[in-house]
Amino acid sequence: MVADAQVQNDIAVDSSEEQDLTDGFHLLIEALQLNGLHTIYGVPGIPITDLGRMAQAQGMRVISFRHEQHAGNAAAVAGYLTGKPGLCLTVSAPGFLNGLTALANATTNCFPMILISGSSEREIVDLQQGDYEEMDQLAIAKPLCKAAFRVLNARDIGIGVARAIRAAVSGRPGGVYLDLPAALFGQVMDAKEGAASLLKVIDPAPRQLPAPESVERALGVLRGAKRPLIILGKGAAYAQADDIVRDLVERSGIPYLPMSMAKGLLPDDHPQSAGAARSLVLKEADVVVMVGARLNWLLSHGKGKSWGAPGSKKFIQIDIEPGEMDSNVEIAAPLVGDIASCAAALLEGMGDNWAAPPAEWLAMVEEKRSVNLAKMAQKLGADTTPMDYHSALAALRLVVKDNPDIMLVNEGANTLDFARSIIDMFEPRKRIDVGTWGIMGIGMGAAVAAAIETGNRVLCIEGDSAFGFSGMEIETICRYNLPVCIVIFNNNGIYRGTDVNPTGNEDVAPTVFVKGIRYDRMMEAFGGIGVHATSRDGLDAAVRAALESGKPTLINAVIDEASGTESGRIGNLNPQSVVKKK
Ligand code: ADP
Ligand code: TPW
Ligand code: MG
């Protein structure tokens, strides 16, 4: 293949003349490095094995996974945490498809990433002549990501990378596919011309200022509010405008509700947090300021019973994507721009004498909040054997409180929903979870990226089913000796371990796993530390030891198999059969 590629060289190579040459491999690596992209998550193989080797040799960090989906999830999380596109590198067809789920998921979550995939020979693929791993990858990727590009000539690599970066991070961030046919890597060109063809993208995610009249309109709506509420979403966390968002919340005096991954943008114990009065504020608020959050299923589309009487609310929405406005309900004051600029403009318009929301509203929220917090404290006090979700999470809650800088990764159904509401977060962008799709399988990829990108310790709280989707990557965690502690909430299955097969035949129910699995022994197989924890104290001690040592650790936490509920907190989304079969 490489030999073929060299036939296509743009320039004739005259061996009698001393000429410095470069090739597609080197140009790609240099283009990435020039743009400050120094880490690749991927799986090697034809045609990108040498690319990984050379990237490592040139000083890039190349993190090899056991499956592309997890490398892709790592790249997406790297994008979320850094605001630069995370890179995922895959082989053609099957490797590409494995990475594509992560690319689509990144796009859905508005995380910037670039899936770079090698592909087979264009001429053969397009004539469907049966090449090795033949597939029209560009066409398949297109509907599943924000933008998709193919580079055919080495001299276009610089532009291709620049376009991919800009598409990933500008406007609403998302996933970009970059298709690189095998022949490209071996293409040779003059080194000087090659260097000149690369570009460092200038201002890849330019500020987008809101129109002054939009700001005025928003302030007008806000001034008329009697029961205002701010909802912070993961877009606000992504924007890294932490101080300005905090200023907006505090100067306005408005209660706020963090969406799952926005927890910690302001500390969850902040006096204005309405997290513990969620149902009340959603129902009763008359003006809702959405900051980098969408009115999708996670917020019941901004309508219905949980939002109180129809027409009882006005929405102000800050978002960089104009098309997001009115997606589900009317937005009374759309504020299109980046969060930092929009929040700054609102703050300026508010001035220093902005009136706090009516005391009656604040008292109503506070009362509900303290009642709910007291209820929760009581539930967390019970130390049950076997552990249930509350008793296990009571221990982990304190671990996070004592270590506010740790990165928390969380997936599962009950394991997710309980952990999200029980574990307070204290710093921005420390919580990574299943995101907009509620997807299982982000766990280990997210853990690897969290450790690599931040250098912090990572605590993963995983349902036993959720863990299974990416479990093999604990070898990756051990191989790179990452400070990751995985706690598996082992309740023998999906939602519960108690379902039975009503027919009485030998197959177990579809939601049930082998009873009493010892996941801790998997970790030992890879040289990590495995712990079997059957009590709250045992769990607490094991997690603290893991964080102290920084060694890859997996704790198999035994959870009462009857303590979960169907689909955690979203059981209402399950369709129900009305037909009764005997
Ligand atoms: P959550 O799930 O936390 O509610 P979503 O993913 O639904 O959050 O919403 C995030 C929103 O933030 C998206 O609509 C996206 O366009 C927007 N967004 C992302 N980055 C920025 C930014 N820098 N400025 C403004 N809006 C942003
Ligand atoms: C890619 C469907 C939602 S939650 C879940 C599945 C399979 C697992 C729940 O069990 P777990 O948690 O993790 O043991 P717990 O504490 O309730 O027992 N495939 C994908 N994504 C989703 N969301 C599913 C399937 C699902
Ligand atoms: Mg489970």
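Just so it is clear, none of the values below were taken in a lab; they were calculated from the coordinates. Given the structure is predicted, the values throughout are model-derived calculations rather than measurements. Quick reminder, even Gly has a Cβ in these numbers, built from the backbone with ideal geometry, and neighbours come from all protein chains shown.
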For the charge dipole of segment 212-365, defined by +1 on Lys and Arg C-beta atoms and -1 on Asp and Glu C-beta atoms about the Cα centroid, which residue among ALA355, ILE318, VAL288 has the Cα displaced farthest towards the positive pole? VAL288
For a Förster distance of 22 Å, can you work out the FRET efficiency between the beta-carbons of SER279 and GLU566, rounded to the nearest 0.05? 0.60
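Sort 374-382, 277-285, 417-425, 76-84 by packing, meaning the average of other beta carbons within 10 Å per residue, with the highest value first.
Packing order, densest peptide first, comes out as 76-84, 417-425, 277-285, 374-382.
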Per-residue [θ]222 nm for the chain (sum of -39500 (n - 2.57) over DSSP H runs n ≥ 4, rounded to 500): -11500 deg cm²/dmol
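If you average 1/r over all unlike Cα pairs in segment 314-459 and invert the result, what Kirkwood radius do you get in angstrom? It would help to have the intermediate numbers written out before the result.
Values: mean 1/r = 0.0531 Å⁻¹.
Value: 18.8 Å, from the Cα pair sum.
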Quick check on the exposure proxy: order TRP354, TRP437, TRP361 from fewest to most C-beta atoms within 10 angstrom. TRP437, TRP354, TRP361
Which trypsin sites (Lys or Arg not before Pro) in segment 512-574 sit in a loop by DSSP (not H, G, I, E or B) and have at most 15 other Cβ atoms within 10 Å of their own Cβ? LYS515, ARG518
What list of whole percents do you get for P(r) of segment 121-257, with Cα-Cα distances grouped in 5 Å bins up to the one holding the largest distance? 2, 8, 11, 13, 13, 11, 9, 8, 7, 6, 5, 4, 2, 0
Just the ratio, please: alpha-carbon radius of gyration of segment 19-196 over 2.2 N^0.38 Å, N its number of residues. 0.94
May I ask you to sort VAL500, VAL43 by Cβ crowding, counting other Cβ atoms within 10 Å and putting the fewest first? VAL500, VAL43
Size of charge dipole - segment 212-365 - debye, nearest 20, with Cβ of Lys, Arg +1 and Asp, Glu -1, no other charges: 680 debye
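Placing +1 at every Lys and Arg Cβ and -1 at every Asp and Glu Cβ, with all other atoms neutral, what dipole size does segment 373-418 have around its Cα centre, in debye to the nearest 20?
Result for segment 373-418 is approximately 200 debye, rounded to the nearest 20.
Once the Cα gyration tensor of segment 326-411 is diagonalised, what are the square roots of 5 times its eigenvalues, in whole Å and ordered largest first, as equivalent ellipsoid semi-axes?
38, 20, 16
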Taking only the Cα atoms of segment 487-582, how large is their convex hull per residue, in Å³? 127 Å³
At 0.692 mPa s and 37 °C, Stokes D of segment 218-322 from Kirkwood alpha-carbon radius, µm² per second: 240 µm²/s
Sorted largest first, the Cα spans of the chain on the principal axes come out in Å as 86, 66, 54
The correct pair for segment 381-566, radius of gyration to one decimal and Dmax as a whole number, both in Å and from Cα atoms, is 15.5, 51
